[in-house]
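The values are calculated or read from the model by the stated rules, or taken from the named source; none is laboratory data. Since we're looking at a predicted model, the values are computed, not measured. Note that we place each Cβ from the backbone using ideal geometry, even for glycine, and neighbour counts take in every protein chain shown. Heads up: the accessible areas ignore ligands, DNA and RNA and are worked out on the full protein's heavy atoms, side chains in. Shrake-Rupley method; radii C 1.70, N 1.55, O 1.52, S 1.80 Å.
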Amino acid sequence: MTRLQSQTVKCEVFLNFNKSPEKTACGYDAHLVRKTPYLISHTSYSFVLKKEKSAMNQSSVSEFLLLGLPIQPEQQGMYYTLFLGMYLTTVLGNLLIILLIRLDSRLHTPMYFFLSHLAFSDVSLSSVTVPKMLRNMQTQHLSILYEGCISQMYFFLLFVCVDNFLLAVMAYDRYVAICHPLHYAIIMRKEPCVLLAAGSWFFSCVHALLHTLLLSHLSFCADNTIPHYFCELTELLKLTCSDDSLNELVILAEGGVLTLLPLSAILGSYVCIGATVLWVPSTKKICKVLSTCGSHLFLVFLYYGTLAIIYFFPSSNNSQVKDVIASVMYTVVTPMLNPFVYSLRNKDMKLALRMLYRKVVTVSK
């Protein structure tokens with residue numbers, strides 16, 4: 001499909017999106033403005049409006065432009081260093097967890113089996129988005145090929161969904177260990193654990209593939225600027241010239257089910273854990289459970305809260321910065337915190353880390 005020429009009309013538009021005006025200052029329909037991709041300077045909204053020669057004219061795109069984080073040019077170096085440090089912490093921390101679980105036979109338990117999958121998913125989730133963001137900040141090369149953008153979106157959706165399921169499975173594992181300790185070895189056998197992990201990956205692949213196939217059938221307008229640091233699904237839908245009502249319906253319906261079910265399982269598990277602990281009062285035990293479950297629930301609310309802001313309670317265009325910040329929380333911050341919350345505070349993990357250190361020191365001598 002050849003790229004069609006279009007008449008470009010440049011105009012500075014300062015819109016109050018909360019009032020949803022029917023016409024803009026230049027006389028263009030407000031719906032056309034919202035559906036037309038745009039370049040954002042973070043002090044004003046500068047729109048490059050494409051007035052097609054025919055209403056049916058659409059253009060194929062070969063690449064997208066990622067505007068990145070809404071930061072000033074003089075702050076690029078500081079934020080580059082910050083996000084590079086966070087990414088390295090995420091990768092090293094989660095890979096260390098996988099290594100320790102692999103090497104120490106005492107960690108070959110259901111809890112650490114699921115934790116190793118979560119660590120791998122967190123490394124992958126950060127690696128899908130952060131390296132491209134850092135490269136753009138360093139080189140100012142903002143383009144990404146259409147195929148690369150769709151691939152990035154697929155793997156992003158895949159690993160986000162895997163995290164959803166694994167957090168629920170780990171909460172269920174803690175529920176069985178605390179509420180039914182005598183039946184733990186029977187319930188959490190090797191076969192059910194493998195099925196739970198495999199099911200998490202399988203349904204996540206189906207979820208990501210569904211949204212990718214639906215998006216691939218849409219046509220995109222000539223201007224293809226994404227005001228984000230990665231190819232995020234809702235941002236791509238804003239660029240389409242096709243009817244995206246089916247995509248939005250699937251996000252609310254299927255995406256809502258795959259989010260609410262794991263969240264309900266997590267909250268239900270921790271409610272039962274709390275009730276069990278309070279049923280047999282013990283100050284030491286209560287403090288230990290509150291310390292562990294409190295940090296877990298903090299990350300759960302941080303993770304699911306930011307996901308809800310992006311996909312189920314989307315803000316208006318003048319709140320684009322808030323959406324980017326929310327995305328940073330669950331793509332960068334949460335994967336970095338997971339190793340510290342779920343494992344490095346654990347006595348077994350600390351013991352395995354000390355033994356690994358001693359082995360390394362012994363070999364080096």
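The table for this structure:
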quantity: Long-range neighbours under 6 Å by Cβ, at least six apart or interchain, first residue open to solvent by less than 60 Å² (accessible area, probe 1.4 Å) within the stretch 264-282, second of a type in the set (S, T, Y) and assigned to a helix (DSSP H, G or I); calculated: S269/Y172; S269/Y175; C272/Y175; I273/Y175
quantity: Check on I144, outside any helix (DSSP H, G or I) and at pLDDT 90 or above; calculated: yes
quantity: Residue in the stretch 167-180 that is within 18 Å of the chain's Cα centre (by Cα), in a helix (DSSP H, G or I) and in contact (Cβ under 8 Å) with a residue 60 or more places away in the chain present; calculated: yes
quantity: Cβ-Cβ under 8 Å pairs, at least 6 apart or on other chains, the stretch 110-122 side open to solvent by 10 Å² or more (accessible area, probe 1.4 Å), far side of a type outside the set (A, V, I, L, M, F, W, C); calculated: P110/D173; M111/D173; M111/R174; S116/R102; H117/S200; F120/N94
quantity: Test: L107 is at pLDDT below 95, within 22 Å of L210 (Cβ to Cβ) and either out of contact with any His (no Cβ under 9 Å at 6 or more places or on another chain) or open to solvent by less than 10 Å² (accessible area, probe 1.4 Å) (or both); calculated: no
quantity: Qualifying residue in the stretch 126-133 (condition: over 30 Å from L218 (Cβ atoms) and either buried (at least 21 other Cβ atoms within 10 Å of the Cβ) or of a type outside the set (F, W, Y) (or both)); calculated: no
